[in-house]
1. Modelling each spin label as a point 7 Å along the Cα-to-Cβ direction, I'd like the Thr188/Glu233 distance in nm, to one decimal.
2. Compare the peptides 415-422, 174-181 by average per-residue count of other Cβ atoms within 10 angstrom and give them in order, highest first.
3. Just to be sure I understand the model, the point goes 7 Å from the Cα along the line to the Cβ. What's the resulting Thr366 to Thr254 distance in nm?
4. Using a basic spin-label model with each label point 7 Å from the Cα along Cα→Cβ, how many nm lie between Asp265 and Arg77?
5. Quick one: if the Förster radius is 56 Å, what FRET efficiency do Glu87 and Leu178 give, using the C-beta to C-beta distance and rounding to 0.05?
6. What does the charge add up to near Glu261, with Lys and Arg as +1, Asp and Glu as -1, over the other residues with Cβ less than 15 Å from its Cβ?
7. Fewest to most neighbouring Cβ within 10 Å: what's the order for Ser139, Ser246, Ser229?
8. So how do Glu359, Glu300, Glu87 line up by other beta-carbon neighbours within 10 Å, fewest first?
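Coordinate-derived values only; no laboratory data. Here the structure is a predicted model, which is why all the values come from computation and not from measurement. Neighbour counts are summed over all protein chains in view; Cβ atoms, including those assigned to glycine, are modelled from backbone coordinates with ideal geometry.
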Amino acid sequence: MRRLGLAWRVALIVIAALVAIQIIAAAAYYIQRGRATESDFRLPLPDQIAAIVQLVERTPADQRPLVLRVVNGVGLRVAIERRAPPEPDPLRRAPWIEAAVARYLDGSDASMVRAYYIGPERNQSALETFSFRPVRIVSPLAGGGVLVAETVDELTVRVLGLPPGFWAGIIGFAVAALALYAVVRETTPLARLARSVERFAEAIEPVPLPERGAGEVRALIGAFNRMQSRIAELVRGRAFVLAAISHDLRTYLTRLRLRVEMVPDTDLRERAARDVEDMNALLEDALVFARTSFSGSRPEAVDLVGIVRHECAERAATGGAVRAELPPERVIVAGERAALARVVGNLIDNALKYGREAEVSVIAGTAAVEIMVDDRGPGVPAAERQRIFEPFLRLDPSRNRERGGAGLGLAISRHLVQCHGGVIGVEDRPGGGARFRVSLPLAAPA
């Protein structure tokens with residue numbers, strides 16, 4: 001499950017706080033009103049109309065004008081008429097108000113109560129009609145005549161009883177939206193910094209970030225820019241020194257090879273030749289490691305299945321026990337053909353060296369492709385599965401000496417895989433042995 005970023009977390013906190021404030025304010029209002037009127041939860045306007053009807057019916061006729069003086073106010077006009085006033089055309093009824101008034105009148109027939117919107121007809125949305133169009137409620141009286149009540153302010157305040165502060169809360173939501181935009185704007189440099197750190201950890205390619213945002217954020221981005229420049233220089237210097245030493249040593253190694261050929265003792269000459277070849281392999285790996293440690297990539301669309309098939313065929317032609325299970329169709333990835341061939345070749349050679357045989361398979365998914373190289377060797381202990389990809393690390397020096405190598409093959413493979421946006425790991429092979437798994441993203445469709 002994907003975790004929410006900082007901006008979304010702050011956004012949710014602000015939204016939750018505003019919603020909680022609105023709920024608490026509305027609940028406090030209804031609780032206070034219920035206590036003041038000694039009634040259960042009721043909609044204010046229908047409850048008020050029902051109470052006025054009941055009061056008028058219980059008041060003598062000569063005292064009813066006094067009641068009307070009490071109930072008439074800024075937001076409500078109430079009158080007692082002999083007959084119902086004519087209804088507007090077109091008629092827009094409010095059946096939910098009718099039903100509420102009838103229910104509060106001890107279950108009276110809702111068809112006897114009429115509630116409808118009045119005022120000039122305008123092109124209004126449903127929300128505008130509900131909020132700002134006045135409403136007229138007509139209810140028959142038991143002794144004859146009808147009670148006519150008209151609202152003269154916002155309907156939401158009269159019907160739902162929501163105070164003007166409710167609309168202040170709505171405005172607060174709009175202000176919160178602007179605040180969230182500001183939060184996202186301020187946290188964007190941090191998100192960009194996180195992506196840059198991850199990319200730099202994979203490619204060791206410094207790309208300065210623009211220093212934007214708050215003062216602390218700008219200071220952090222500036223420190224990161226300086227840090228990645230220093231790290232890149234250190235890596236470049238290490239690669240240059242390693243390449244220079246390896247290059248110079250090859251000159252002396254060539255002279256040594258010529259002198260070994262002149263050794264008269266056959267057994268001594270063969271052993272010396274093997275040592276020279278091992279040294280040559282060490283220098284070749286060192287040069288490759290130096291080149292791949294700090295080099296820009298020039299990706300192109302390459303067929304990974306074709307690369308794997310070619311590398312397997314090359315090893316099988318020299319007597320290696322290599323079996324491949326490959327899909328018939330092409331699998332296209334974005335990368336460098338030589339680098340990917342080096343990765344596949346290193347893994348196959350490693351399986352043949354320590355496991356006597358290699359079983360290679362390619363499985364293509366919807367977004368990535370996996371290469372699995374299995375062997376039947378002793379496997380890799382769980383505690384060593386991360387260290388095995390470190391440069392110059394050999395788990396068993398004595399056995400590695402017999403097989404040759406300097407412990408750079410897997411380090412080179414990991415670096416090349418990471419430069420292609422993939423991951424490499426080792427696990428147990430079912431039935432014994434080790435399984436190296438490489439996952440690479442598929443190329444985007446053209």
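1. For Thr188 paired with Glu233, the spin-label model returns 3.2 nm.
2. Ranking, from highest mean packing down: 415-422, 174-181.
3. 5.5
4. 12.5
5. So the FRET efficiency works out to roughly 0.80.
6. Its environment carries a net charge of +1.
7. Ranking Ser139, Ser246, Ser229 by Cβ neighbours within 10 Å, fewest first, gives Ser229, Ser246, Ser139.
8. If I rank by nearby Cβ atoms, fewest first, I get Glu300, Glu87, Glu359.
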